[in-house]
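Scroll down for the structure; my scribbles are underneath it.
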Amino acid sequence: MTDTLELTHWINGEKVKADLKGESHNPSDTRELVARTPDGGDAEVDAAVQAAKAAFPGWSDASPEVRSDILDKAGTLVMERREQLGRLLSREEGKTLPEGIGETVRAGRILKYFAGEALRVHGQNLASTRPGVEIQTYRQAVGVYGLITPWNFPIAIPAWKMAPALAFGNTVVIKPAGPTPATAEALIAILHEAGLPKGVVNMIIGRGQVGQAIVDHKDVDAISFTGSQGVGAGVAAGAIKRQARVQLEMGGKNPLIIMDDADLERAVAIALDGSFFATGQRCTASSRLIVQENIHDKFVQLLGEKVAALRVGDALDPNSQMGPAVSEAQMETSYKYIDVAKSEGGRIVTGGDRLKLDKPGWYVQPTLIADTDAGSRINNEEVFGPVASTIRVKDYEEALAISNGVEFGLSAGIVTTSLKHARNFQRQAKAGMTMVNLATAGVDYHVPFGGSKKSSYGAREQGFAAVEFFTQTKTSYSAS
Ligand code: UN1
């Protein structure tokens, strides 16, 4: 057992105590209370927004070197403390310790990447159509950013939204996800330790009302949200009503096509990673395995064996290959969809039963379901758990049509040795990201991230694309 943390909001550079009304439990052993949490509301959000607004002129006018140095130092601190932060993350979220440490390093790298980007903001000189007139474009900070982040990447996603906001001179009010506030708070504390001026980043812990208050606040100039499609649609509507900028990253129902010509072992390893690691709780997870008929039976059998052999257990146990679901609700969603798939005629290859270990936790048996129809619910609705279904297809054309035939379009993969099919898939897949001979999940941090259709809305996140959402362009004309 480890000590229970008592969390606070962060407003104007201060830790602001409030009644501890909420609890965050360890999903690997629910007897362990990781943190007691405050439950913010409109008043706390308003105080945070006012602090962010007051900090904006000084922060946006500061030399980019000031912003760069703070992000770089924060990145160093995050990486130096990878073991401790990764352990907290795994206790709170349930991903295995190597996954928790890996995510922590990724957050550190993101902070350092944007430390560099702070110095690379550039504009253009353009010829005017009018003689004697010159035109320049500049990129400028926007103002206060409201950031609403999910529990499945409790340090990397706060970092990937905060780092570009800060690099380009904006200030922030962040609401971390309900199940994982302690990890987010640790990152906010590190940013302040690295020298962040007061009010530049503010954090309010709480439930949906905090998110709603951020979306509705007239002084929040822009909102970046990652979470479920249902909530995201409401965030967009609220933001658009008052003309705030908005960017959404939501669900996926990501296909992985396995062609007859694929290397079997490799295809199985890619599917295992994409569908089951991080307990399948990634919006980029491969949940639909679309398999060509000649490799189908061998693929399903071998993947079934590998899935059955996965060691599910306490996230901190070095033997565990997969941790629990984050919460009871998430666990129940997986079991609900397993039942849905069975009622639709799916065949359970492995898993499907309730998993009871020697401690109380939200464990889900990794489950592979074969012989499912492309049009069924299991192949159209996001599960967000360690559940994958297979669909048998005749040829590439059928695979591509099924791959594109859902409402989501985040990441799409193909395992093949055919250059023709790989190249065609890269162009024809209706998704923001395509993967050839790679899992649909597990992306680099320095390149654009985002999807099409119901998966995303607004400008891309991450890498060199982030400057689009986190700055605005000014066009200046001058005549001498
Ligand atoms: C990854 O697959 O490496 O919430 C990142 C999510 C995504 C991030 C996935 N926004 O799962």
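Each reported figure results from applying straightforward, stated rules to the coordinates on display, with no laboratory input. These numbers come from a predicted model, not from an experiment. Every residue, glycine as well, gets a Cβ built from its backbone with ideal geometry; the counts of neighbours run over all protein chains shown.
Some observations on this one:
- Lys420 versus Ala54: modelled label distance in nm, points set 7 Å from Cα along the beta carbon direction: 6.8
- The 3J(HN,Hα) values that the Karplus relation (6.51, -1.76, 1.60; θ = phi - 60°) gives for the range 344-350 are, in residue order, 8, x, x, 9, 6, 7, 7 Hz. Gly and Pro appear as x.
- Virtual paramagnetic centre 7 Å along Cα→Cβ of Ser228, amide N under 18 Å, in the range 311-349: 325-341
- Value of Rg to Rh for the range 254-436, rounded to two decimals, is 0.96; Kirkwood radius and Rg both from alpha-carbon coordinates.
- Placed amide H near Ile174: partners under 5 Å, 5+ positions off or other chain: Leu147, Asn202, Met203, Ile204
- In the chain, the calculated helix contribution to ellipticity at 222 nm averages -12500 deg cm²/dmol per residue, counting -39,500 (n - 2.57) for every DSSP H run with n ≥ 4.
- Dipole magnitude for the chain: computed about the Cα centre from +1 point charges on Lys and Arg Cβ and -1 point charges on Asp and Glu Cβ, it is near 920 debye.
- Where labels lie 7 Å past Cα in the beta-carbon direction, separation of Asp358 and Arg377 in nm: 3.7
- Taking the range 1-159 and dividing mean pair separation by its residue count, relative contact order in percent (alpha carbons under 8 Å, at least six apart): 19
- Compared with the alpha-carbon gap, the fully stretched path from Ala189 to Asn294 is longer by 32.3 nm at 0.36 nm per residue.
- Cβ-derived FRET efficiency at R0 41 Å, Gln472 paired with Ala401, nearest 0.05: 0.55
- Prolate/oblate/rounded label for the chain (Cα gyration tensor, a/c 1.5): oblate
- Between Glu23 and Arg427, the simple label model (points 7 Å from Cα in the Cβ direction) yields a spacing of 5.8 nm.
- Peptides ranked, highest mean first, by Cβ atoms within 10 Å: ranges 343-356, 75-88: 75-88, 343-356
- Helix 181-193 and the longest principal axis of the Cα set of the chain meet at an angle near 40°.
- Pairs exceeding 28 Å between alpha-carbon atoms, taken from Lys95/Lys356; Lys356/Lys430; Lys306/Lys342; Lys95/Lys359: Lys356/Lys430.
- The long axis of helix 82-93 is offset from the longest Cα principal axis of the chain by roughly 60 degrees.
- Positive-end extreme of charge dipole, the chain - chosen from Tyr445, Val415, Ala315 (charges on Cβ): Tyr445
- Taking the DSSP beta bridges with both ends in the chain, the antiparallel portion is around 45 percent.
- Computed from the Cβ-Cβ distance with R0 of 35 Å, the FRET efficiency linking Ser452 to Gln209 stands at 0.65.
- Amide proton proximity set for Val34, modelled H, under 5 Å, gap of 5+: Ser24, His25, Asn26
- Loop-located trypsin sites (Lys or Arg not before Pro) in the range 261-330 (DSSP state other than H, G, I, E, B) with a sparse environment of at most 14 neighbouring Cβ atoms within 10 Å: Arg311.
- Working from Cα pairs under 8 Å separated by at least six residues, relative contact order for the range 414-480 is 22 percent.
- Alpha-carbon Rg/Rh ratio, for the range 165-277, with Rh computed the Kirkwood way: 1.12
- Derived scalar couplings between HN and Hα for the range 255-272 equal x, 10, 8, 10, 8, 3, 7, 6, 6, 4, 4, 5, 4, 5, 5, 5, 5, 4 Hz in order, rounded to whole Hz, by the Karplus curve 6.51 cos²θ - 1.76 cosθ + 1.60 (θ = phi - 60°), x for Gly and Pro.
- Per-residue HN-Hα couplings for the range 16-29 [Karplus 6.51, -1.76, 1.60; θ = phi - 60°; Hz; x = Gly/Pro]: 9, 6, 8, 3, 8, 9, x, 9, 10, 9, 7, x, 6, 7
- Tilt relative to the chain, helix 229-241 - C-alpha long axis, 0 to 90 degrees, to 10: 20
- Taking 0.36 nm per residue of separation and subtracting the Cα-Cα distance, full extension of the segment from Asp61 to His122 would add 20.4 nm.
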